[in-house]
1. (1) more than 17 Å from His342 (Cβ to Cβ); (2) touching a strand residue (DSSP E or B) at 6+ places or on another chain (Cβ under 7 Å): which one isn't true of Phe395, the others all being true?
2. Condition first: under 18 Å from Tyr539 (Cα atoms) and among the small types (Gly, Ala, Ser). Now tell me which residues in the stretch 111-133 satisfy that.
3. So, in the stretch 496-531, of the ones that are on the phi < 0 side of the Ramachandran plot, among the polar types (S, T, N, Q) and open to solvent by less than 20 Å² (accessible area, probe 1.4 Å), which residue ends up farthest from the ligand (Cβ to nearest atom)?
4. It is to be established whether one or more residues within the stretch 150-166 are over 30 Å from His77 (Cα atoms), crowded, with 20+ Cβ neighbours inside 10 Å and away from the ligand (no atom under 16 Å from the Cβ).
5. State which residue pairs qualify: first residue outside any helix (DSSP H, G or I) and within 11 Å of the ligand (Cβ to nearest atom) and inside the stretch 545-560, second residue open to solvent by less than 10 Å² (accessible area, probe 1.4 Å) and not basic (Lys, Arg) in any location, beta carbons under 7 Å apart, and separation of 6 or more residues or different chains.
6. Residues of the stretch 27-83 being on the phi < 0 side of the Ramachandran plot, more than 16 Å from the ligand (Cβ to nearest atom) and in a loop (DSSP other than H, G, I, E, B), which ones?
7. Sort out which residues of the stretch 289-348 are of a type in the set (S, T, N, Q), open to solvent by 50 Å² or more (accessible area, probe 1.4 Å) and closer than 30 Å to Leu389 by Cα, and write them in order of number.
8. How many of the residues in the stretch 287-299 are within 13 Å of the ligand (Cβ to nearest atom), part of a loop (DSSP other than H, G, I, E, B) and not hydrophobic (A, V, I, L, M, F, W, C)?
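The values are calculated or read from the model by the stated rules, or taken from the named source; none is laboratory data. Since we're looking at a predicted model, the values are computed, not measured. Cβ placement follows ideal geometry from the backbone for every residue including glycine, while neighbour counts extend to all protein chains displayed. Side chains are part of the model used for accessible areas, which takes the heavy atoms of the whole protein and leaves out ligands, DNA and RNA. Shrake-Rupley method; radii C 1.70, N 1.55, O 1.52, S 1.80 Å.
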Amino acid sequence: MSNLDCDLLIVGGGAAGLTGAVTAAYHGLKVVVAEKASVLGGATSWSGGWMWVPLNPLSQADGIIEDIDQPRTYLKHALGENYDEPRVEALLENGRHMVGFFENHTALQFVSGTWIADIQGDLPGAGTGGRSVGPKPINMRRIQKSLRAKLRPQLYETSLLGMGIMAGPDLQAFLHATTSVKGFFHAGWRIMFHVFDLATHRQGMQLVNGTALIARLAKSADDLGVPLLTDTPVRRLLTEEGAITGAVLDGPDGEITVRTTRGVLLAAGGFPNDVTRRRKLFPRTPTGQEHWTLAPPETTGDGVSLGESAGGVLDTSLASPAAWCPVSLVPYRNGRVGTYPHIVDRGKPGLIAVLSNGKRFVNEADGYYQFTAAMIAAAPAGEDVTAWLICDHAFQRRYPFGMAKPFPIPVWPYVRSGYLQRGKTLKELAQKCGIDPAGLQATVDSFNKNAVVGEDPEFGRGRSAFNRGSGDPDHDPNPSLAPVEKGPFYAVKVLPGSFGTFAGLKTDPKSRVLNGDGQPIGGLYAAGSDQANVMGGHYPSGGINIGPAMTFAYIAGRHAAGVREYENVTPMPMNDGN
Ligand SMILES: Cc1cc2nc3c(=O)[nH]c(=O)nc-3n(C[C@H](O)[C@H](O)[C@H](O)COP(=O)(O)OP(=O)(O)OC[C@H]3O[C@@H](n4cnc5c(N)ncnc54)[C@H](O)[C@@H]3O)c2cc1C
């Protein structure tokens, strides 16, 4: 048993926790991060790392100058009755300052996501780009050696043989590796370095997406002298007269009692792996097991339980309890079953999604959340919630189809393992999958007739900027629509999954946890998935988890440090130095 004194204790080393830690430490607080897993990063490490931050200085430097009223209008329409004005204002006002702070003062540097459109493009105020930033890639050689083993590795399922690929120009180059000279050299160069890294370091060294975000945040925290205690779950909070004064941690060498002067920030990643809460709160999960989250196993709701133990309240009034994403299960020879998120493939031209009756049920190119919500709503009562993605041979050789990669990577291992079903005809495919063959044939006939002229009268696929952005810019007349024509045909089964939870602790705009009377609990903050999502359980744009997670953790860090003034945020071109 040992004792530790600090100003602010952070529970969890993901995007929210590390953001709160760096912000508070930069502003002079003595901060300690306690992380339950043996590595930092949580779900953030496995994520795309994209952050929705309207008015951010990088987009402004790219020439996208908009008024705060535009994203505000969009959110008012997208969130409807879940619109929480004070918290949305805090998000819109602080997000750009958060980006400016990190870019100016820390190792976290950004790239602009100017090309990423909001998902619900038909709503007033929707952005066609310029509201997102991502983490700038970083080579592991630039990270302190002592930190390297503390970083959660890339999720294998979203990598190319362990190598992360970044959405945007990097991914586009890989997709054009066999059709353009530039794409060929880019992909060849990246693969060559990856193989070199595997030979010399037994791991890929070039970090992109969520792994780059966590590496840069952890480096920033380490630069500021913040202890990052891994394998150290926080077990209980300490209180005095209703205010939080510390916590008890379970370290590798025994219990640690931490006394704090400014309190505790809960950032333990929500409860996607808490089966009991899932059973209570998730739709169509009678045992809690009929859900396949992508978040790492440590995210079992500890932050929410700690908050509740101090009088905090779990907000279950959101439109949806979780950030849905369709997943497929990937069987490996050693018996492991991986979980693959269908983010990239659904919008490409020549793929459709059907239920067991063979009918389409959604605009496949809409967001992962909208797709899964539609699947949950449309799956016949009494049946498991499931759907099939279907494509033809030309599609499979041209685009990623779940885990299966396009030409020149062979498809047969995926068929042999049972991950993909293959049929010479649609009828044979339907029979293998348990889909109604006549229903599927009728769906494909009617879809094809319209797809060749770039139309989808049933679901309007390819009309929004978001749909077209997820398609193939080289495909005419509609980047998101092509017929499903010549066999062999392929299918992959998709199931309801999530990136994490939306339901979380009720907080005020300063990220302070509220008690049952709506009053802040002294010294207790929550951010990230431990905080009820500011989008009210909706999914209006990519990056709406990490953007708010970091913004509200930044607000918490500043509040704990007693900082009130903001630096001036000016348009900021991408930093080429680091
Ligand atoms: C494949 C994938 C892609 C995604 N892409 C995006 C994207 O591009 N943009 C976006 O906005 N969102 C994305 N998401 C969602 C996003 O990653 C999460 O919502 C977000 O990272 C949550 O951040 P967090 O800091 O709250 O939690 P986490 O990053 O999960 O961190 C929580 C940490 O707390 C630790 N912890 C748990 N209990 C304790 C305890 N008792 N004591 C100490 N530590 C504890 C956990 O081990 C974990 O390390 C994606 C998710 C996945 C899985």
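1. (1)
2. The answer is Gly113, Ala117, Gly121, Gly125, Ala126, Gly127, Gly129, Gly130, Ser132.
3. Across the stretch 496-531, the extreme among qualifying residues is Thr507.
4. No, because not a single residue in the stretch 150-166 is over 30 Å from His77 (Cα atoms), crowded, with 20+ Cβ neighbours inside 10 Å and away from the ligand (no atom under 16 Å from the Cβ).
5. Asn545/Ala323; Asn545/Gly500
6. Selection gives His27, Leu29, Lys30, Asp62, Ile64, Ile65, Glu66, Asp67, Ile68, Tyr83.
7. Gln289, Asn334
8. 4
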